[in-house]
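Visitor: Supplied in structure tokens, the structure appears directly below.
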Amino acid sequence: MKYKKKILCIGAGYVGGPTMAVIADNCPQYKVTVSDINKEKIKMWNSDVLPIYEPGLLEVVKRARGRNLFFSTEIDKNIIDADIIFVSVNTPTKTFGEGAGKTADLQYWEKTARNILKVSKSNKIIIEKSTLPVRTAAAMERILNSKNNSIHFEVISNPEFLAEGTAISDLENPDRVLIGSKETKEGLQARDEIVEIYANWIPREKILTSNIWSSELSKLVVNAFLAQRISSINSISALCEKTEADITEVSKAVGTDSRVGSKFLNPSVGFGGSCFKKDILNLVYICENYGLYEVAEFWENVVKINDFQQNRFVVNMIKSMFNTISDKKIVLLGFAFKANTGDTRESPAISISKKLIEEQANIVISDPKAIDNAKIDLKDFADKILYIEDPYEACVDAHAICIITEWDLYKDLDYEKIYKKMVKPSFIFDGRNILDHKKLFKIGYNVYPIGKTALTHFK
Ligand code: NAD
Ligand code: UGA
């Protein structure tokens, strides 16, 4: 079959896999290949057991796979063939050397760029799909153009805004797509080529174009703003618990102001996920580099409040359970960083589990999709944790239940049945405020929501 253009995506993870599946599904005239160094992952992308859990993803993959969507480990061959290369490799926080703990580790990006340079035989558009520090494109161009040959690489920024658990609907119907380019003739031409791809299913007015630095920076800033809202409401949840104000009522009153808006004001055990913390710390590092220390400090506090919220959850448990949880059985319902994903990267469940273990509690972890990842995250504590997927079985003989992830399944459990098999007095700590607290109290539980007065049977 003759394709209009050949697209390659390097990096078949949470972003590369779903974004390319949706592009291929909507653009049958383009050949879309996804490559990764991880052979096992590619094998799974070619099977019916995909390497990530994402509602609706398998259906999209099945529609396009073998038609114009391909998953392959032959990276070099695919680079040679491609007209357009999306790079969607991981950009974690650097753990060593200069900027450790803050700046992005760009080694995977740079290796990919050098490989593209090494094997390419024709002009290509290289797209930054990964989230990168502002001005990374300049460094990339320097690498890509270091060979002094006649091949032209045009770097475009096209950051991804999908959220896990809703990736397919976010990609099908995004708030906007952002495409940044240099404002040169070649830059604008390349930008138009990428606009043309998205215009196959996204209304033109939702396709924003900008200069390349605005595009790179906007991605970091959106995540910083979103995380800032969560830290704002979480900080107020602590004050609610001291004052008998109710965070749900406060959140509603604040969010109905159309200038504030109602989304992302749900209090929680803290935000998790692979990006919020990483991207804010990256922003902090960039600001410090430019000598903008006050700006850096402002954003760093968003992360500090998030750590405070996770820590506070455990401290509250200890205080409520008579100042000791040693040898008590505590069940974590949910381990994923949010519902509808098996992803546990930076999940508050990790730090909460570690703190509970430090306090010598006996912990049981339950989750419908994330137990395999939880076992990896907590491999150093394997002998101190039980993993039981069935929540009813997990809660037998428990002193306390903690809701960590807002899975729908936990809203509808038979808490009366669970209560009968728990040690008394029984405690529930609802880290997501998803349960009917009054009903639980009537059953006999001592109930501790986030940002609301606890309902207890103690005099
Ligand atoms: P991921 O870890 O799930 O996937 C990255 C993939 O890149 C891995 O499969 C890895 O094996 C592969 N890889 C690394 N080096 C490679 C190389 N040299 N050649 C080929 N493959 C290579 O990461 P992700 O969650 O998909 O995130 C990717 C980027 O997208 C990050 O910059 C992240 O900040 C950004 N992002 C992520 C999300 C999200 O929801 N996860 C959303 C928006 C943006
Ligand atoms: C987030 C952004 O929403 C995406 O736009 C972005 O593309 C992505 O990061 C990224 O760059 O990786 P994601 O982390 O997948 O997406 O999920 P979110 O829905 O943003 O949730 C992040 C965390 O915040 C979760 O732990 C969630 O439970 C928590 N959260 C969210 C709250 O505690 N309260 C809220 O009101 C909303």
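Visitor: Take the residues of segment 27-46 that are away from ligand 1 (no atom under 11 Å from the Cβ) and open to solvent by 40 Å² or more (accessible area, probe 1.4 Å): which is farthest from Ile202 (Cα to Cα)?
Guide: Lys43
Visitor: Going residue by residue through segment 309-326, is there one that turns out to be touching a helix residue (DSSP H, G or I) at 6+ places or on another chain (Cβ under 9 Å) and within 16 Å of ligand 1 (Cβ to nearest atom)?
Guide: Checked segment 309-326: no residue is touching a helix residue (DSSP H, G or I) at 6+ places or on another chain (Cβ under 9 Å) and within 16 Å of ligand 1 (Cβ to nearest atom).
Visitor: Would you please list the contacts, defined by Cβ atoms under 9 Å and residues six or more apart or on different chains, that run from a residue in segment 424-444 that is touching a residue at least 40 places away in the same chain (Cβ under 8 Å) to a residue that is open to solvent by 40 Å² or more (accessible area, probe 1.4 Å) and not in a loop (DSSP other than H, G, I, E, B)?
Guide: Taking only residues 6 or more apart or on different chains, the pairs are Phe429/Asn316; Asn433/Thr248.
Visitor: Any idea which of Ile143, Ile168, Ile156, Ile127 is among the β-branched types (Val, Ile, Thr), over 25 Å from Ala296 (Cα atoms) and within 17 Å of the chain's Cα centre (by Cα)?
Guide: When all the criteria are applied, what remains is Ile168.
Visitor: Right, something else. I'd like to know if segment 356-363 contains one or more residues that are of a type in the set (S, T, N, Q) and within 16 Å of ligand 1 (Cβ to nearest atom).
Guide: no
Visitor: Restricting to strands (runs of 3 or more DSSP E) lying wholly in segment 323-395: which have 1 or more residues that are more than 16 Å from ligand 2 (Cβ to nearest atom) and without any contact (Cβ under 8 Å) to a residue 40 or more places away in the chain?
Guide: Ranges flagged: 362-366, 385-387.
Visitor: Does any residue of segment 404-425 turn out to be within 15 Å of Phe337 (Cα to Cα), open to solvent by less than 10 Å² (accessible area, probe 1.4 Å) and of a type in the set (S, T, N, Q)?
Guide: yes
Visitor: What number goes with the only condition from (1) within 17 Å of Ile125 (Cβ to Cβ); (2) within 16 Å of ligand 2 (Cβ to nearest atom) that Leu57 does not pass?
Guide: (1)
Visitor: Which condition number in (1) open to solvent by 40 Å² or more (accessible area, probe 1.4 Å); (2) more than 10 Å from ligand 1 (Cβ to nearest atom); (3) within 24 Å of Ala138 (Cβ to Cβ) is the one that Ile85 fails?
Guide: Just one mismatch for Ile85, condition (1).
Visitor: Find the residue count for segment 73-87, including only residues that are touching an Asp or Glu at 6+ places or on another chain (Cβ under 9 Å) and farther than 22 Å from Val155 by Cβ.
Guide: Looking only at that region, the number is 1.
Visitor: Among what's in segment 257-277 and is farther than 22 Å from Gly334 by Cα and within 15 Å of ligand 2 (Cβ to nearest atom), pick the residue that is surrounded by the fewest Cβ atoms within 10 Å (Cβ to Cβ).
Guide: Ranking the candidates gives Lys263 first.
Visitor: Assess whether Arg345 counts as being within 16 Å of ligand 1 (Cβ to nearest atom) and open to solvent by 10 Å² or more (accessible area, probe 1.4 Å).
Guide: In short, yes.
Visitor: Okay, moving on. Suppose we filter His457, His399, His437 for residues that are closer than 12 Å to Val331 by Cα, open to solvent by 10 Å² or more (accessible area, probe 1.4 Å) and modelled with pLDDT of 95 or more; which single one remains?
Guide: Going through His457, His399, His437 in turn, just one is closer than 12 Å to Val331 by Cα, open to solvent by 10 Å² or more (accessible area, probe 1.4 Å) and modelled with pLDDT of 95 or more: His399.
Visitor: Got a number for residues in segment 263-294 being in a loop (DSSP other than H, G, I, E, B) and either touching a residue at least 40 places away in the same chain (Cβ under 8 Å) or on the phi < 0 side of the Ramachandran plot (or both)?
Guide: Of the residues in that region, 14 qualify.
Visitor: Find all pairs meeting these conditions: Cβ atoms under 7 angstrom apart; at least six residues apart or on different chains; first residue within segment 230-244 and open to solvent by less than 60 Å² (accessible area, probe 1.4 Å) and away from ligand 1 (no atom under 16 Å from the Cβ); second residue of a type in the set (Asp, Glu) and outside any helix (DSSP H, G or I).
Guide: The qualifying pairs are Cys240/Asp246.
Visitor: Somewhere in segment 195-205, is a residue modelled with pLDDT of 95 or more, surrounded by 15 or more Cβ atoms within 10 Å (Cβ to Cβ), in contact with a helix residue (DSSP H, G or I) (Cβ under 9 Å, 6 or more places away or on another chain) and of a type in the set (D, E, K, R)?
Guide: No, there is no match, as no residue in segment 195-205 is modelled with pLDDT of 95 or more, surrounded by 15 or more Cβ atoms within 10 Å (Cβ to Cβ), in contact with a helix residue (DSSP H, G or I) (Cβ under 9 Å, 6 or more places away or on another chain) and of a type in the set (D, E, K, R).
The values are calculated or read from the model by the stated rules, or taken from the named source; none is laboratory data. Note that the coordinates shown come from a computational prediction; the quantities given were computed from them, not determined experimentally. Neighbour counts are summed over all protein chains in view; Cβ atoms, including those assigned to glycine, are modelled from backbone coordinates with ideal geometry. Keep in mind that these areas ignore ligands, DNA and RNA; they rest on the heavy atoms of the full protein, side chains included. Shrake-Rupley method; radii C 1.70, N 1.55, O 1.52, S 1.80 Å.
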